[in-house]
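The values are calculated or read from the model by the stated rules, or taken from the named source; none is laboratory data. What you are looking at is a predicted structure, and each value in this text was computed from that prediction instead of being measured. Don't worry about glycine lacking a Cβ; one is built from the backbone with ideal geometry, like all the others, and counts go over all protein chains shown. The protein model used for the area step is the full one, side chains on, heavy atoms only, and it has no ligands, DNA or RNA in it. Shrake-Rupley method; radii C 1.70, N 1.55, O 1.52, S 1.80 Å.
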Amino acid sequence: GIFRVVPKSRQKTQTLESVILHISVLRLYQNTVNPEMQFSNWLVHSLRSTNRKPHEYGFFMQFKASISSLKVAWRKDPKLDQAIENDKKWKQCARVVKEVLNEPGQVIPLHYLEKRRERLGLQEKIKTFLDWNPGLFDLYLDRVRPKSEPVSFVRPSERLRQFLEEESRIFVNNESLLVSKLCKLLMMSKDKVVSADKLVQVKREFGFPNDLLVNLVPKYPEYFNLIGEPGEGKSFLQLVKWNPEFAKSVIELRAEEESRLTGIRTRPAFNWKLPPGFFIRKEVREWIRDWMELPYVSPYDDVLHLDQSSQEMEKRNVGVFHELLSLSLYKRVPIPILGKFSDEYRFSNAFSNVFTRHSGIFYTSLKCGIKTAMLREAYKDGELIDRDPLLEIKDRFLELLAEGHKQKDELLRLQREMVQKDMEMMAVGNNDLDYHKCEEEEDAVI
């Protein structure tokens with residue numbers, strides 16, 4: 001059940017001899033006096049002692065290829081972890097904004113929002129959060145029911161509504177990019193079909209708008225066909241037309257660009273580089289070296305003929321993950337989210353091992369209590385190198401938060417000045433009071 005027989009010849013006699021030889025070797029290994037010895041070391045020892053050549057054991061090369069399943073020690077990368085930490089605060093604000101905008105009429109009682117504080121991941125109370133982030137919402141009094149006492153309600157501020165209009169404009173300006181991203185996700189899938197509900201769940205990771213299925217998809221019937229009703233778990237988005245221009249990965253486009261600039265044909269290949277201080281074992285380094293020499297397998301190629309356990313399939317899987325991360329906004333995606341697409345992209349149950357096995361291409365961050373796959377080449381000193389055009393939305397949101405913080409600081413400065421003036425006036429008043437008191441005491445003495 002561990003090894004698969006790979007005979008060197010199709011002749012029946014040689015096949016039978018190979019099977020008998022495999023069974024004999026496994027029985028000898030089971031009866032060895034040192035059962036803790038690794039099978040690979042024991043096999044090399046057996047070959048030397050029996051003067052047999054490695055190719056006489058048909059499964060020897062098959063076993064050697066299984067080194068890809070070995071676990072590589074995880075090492076922390078502080079700079080890439082910091083990239084996630086830097087986005088933590090504003091993403092928390094975005095979650096609260098989304099919560100309010102999803103309410104009927106985009107208003108919600110303050111105490112209702114307070115009950116959802118834990119789900120929103122807030123440590124502080126909602127009122128404190130609103131005080132720390134002015135400019136996002138307005139507070140006003142209203143009744144929940146006609147004869148009830150007025151309570152505080154939360155609604156989007158005018159500046160937040162202006163941001164939402166700007167966000168819509170950015171989506172319109174980048175509509176062609178959104179269409180190409182969506183086509184690429186479908187073109188990489190097994191049957192050119194992806195669950196529509198899953199796409200809605202990951203829209204923030206790839207920069208898709210909230211009305212992805214309602215407005216964007218129906219505008220392009222030449223590319224997309226929506227099957228079923230979204231939200232019921234049985235809706236799917238199907239690719240209608242294959243566009244060859246979209247069927248080129250980031251790796252392939254980069255090779256073409258290098259060939260154009262240098263005049264020398266460049267073979268598509270992954271960038272594999274570990275940060276200083278990282279180390280992997282010698283046998284894994286040798287396997288990676290041989291694996292890198294294999295031809296590049298495009299994530300858009302048909303791979304139904306490939307064996308799931310083959311190194312070529314490993315090459316294809318790495319290519320798919322590389323392309324998915326390249327299409328994402330921040331060149332990183334939480335691993336549980338990638339796992340949702342295991343059926344569509346033919347990922348194995350142990351697909352997450354790919355990220356540690358190829359630690360020169362990917363990094364697995366454990367920040368914020370979730371495993372996140374990151375593309376190493378996309379970052380330099382923890383900062384994104386090639387920014388997605390849709391990140392303009394994030395920049396505008398950060399500007400909105402900065403304006404609110406600036407307003408808060410200005411208000412605090414004015415309050416401090418007023419307190420300082422009041423203290424000075426009190427001090428002057430006290431001095432005058434002491435002066436008159438002294439005069440009255442002198443008059444009394446006289």
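Working ranking of peptides 102-108, 202-208 by packing, defined as the average number of other Cβ atoms within 10 Å per residue, highest first, is 202-208, 102-108.
Counting only protein heavy atoms and a probe of 1.4 Å, the accessible surface of the range 270-368 is 53% carbon and sulfur. The protection proxy used here, the mean number of other Cβ atoms lying within 10 Å of each residue, ranks peptides 75-88, 270-283 as follows, highest first: 75-88, 270-283.
From most to least packed by mean Cβ count within 10 Å, the peptides 305-317, 406-418 give 305-317, 406-418. Would you mind checking the range 138-169 for residues with the amide N under 13 Å from a putative spin-label position 7 Å along Cα→C-beta of Q407? Correct set: 138-139, 155-163. Taking every C-alpha pair closer than 8 Å and separated by at least 6 residues, the mean separation divided by the residue count of the range 224-301 gives a relative contact order of 23 percent. Grab the beta carbon distance between L391 and K147, set R0 = 56 Å, and tell me the FRET efficiency rounded to 0.05. With a Förster radius of 56 Å, E is 0.70.
On the beta carbon distance between E256 and T128, with R0 = 56 Å, the FRET formula returns roughly 0.60.
Placing dummy labels 7 Å off each Cα toward the beta-carbon, the span from E165 to D343 is 4.4 nm. Extending 7 Å from Cα along the Cβ direction at K241 and again at L274 yields two label points whose distance is 4.8 nm. Taking a point 7 Å out from the Cα of D211 in the direction of its Cβ, the residues of the range 166-199 whose backbone N falls within less than 15 Å of it are 166-175.
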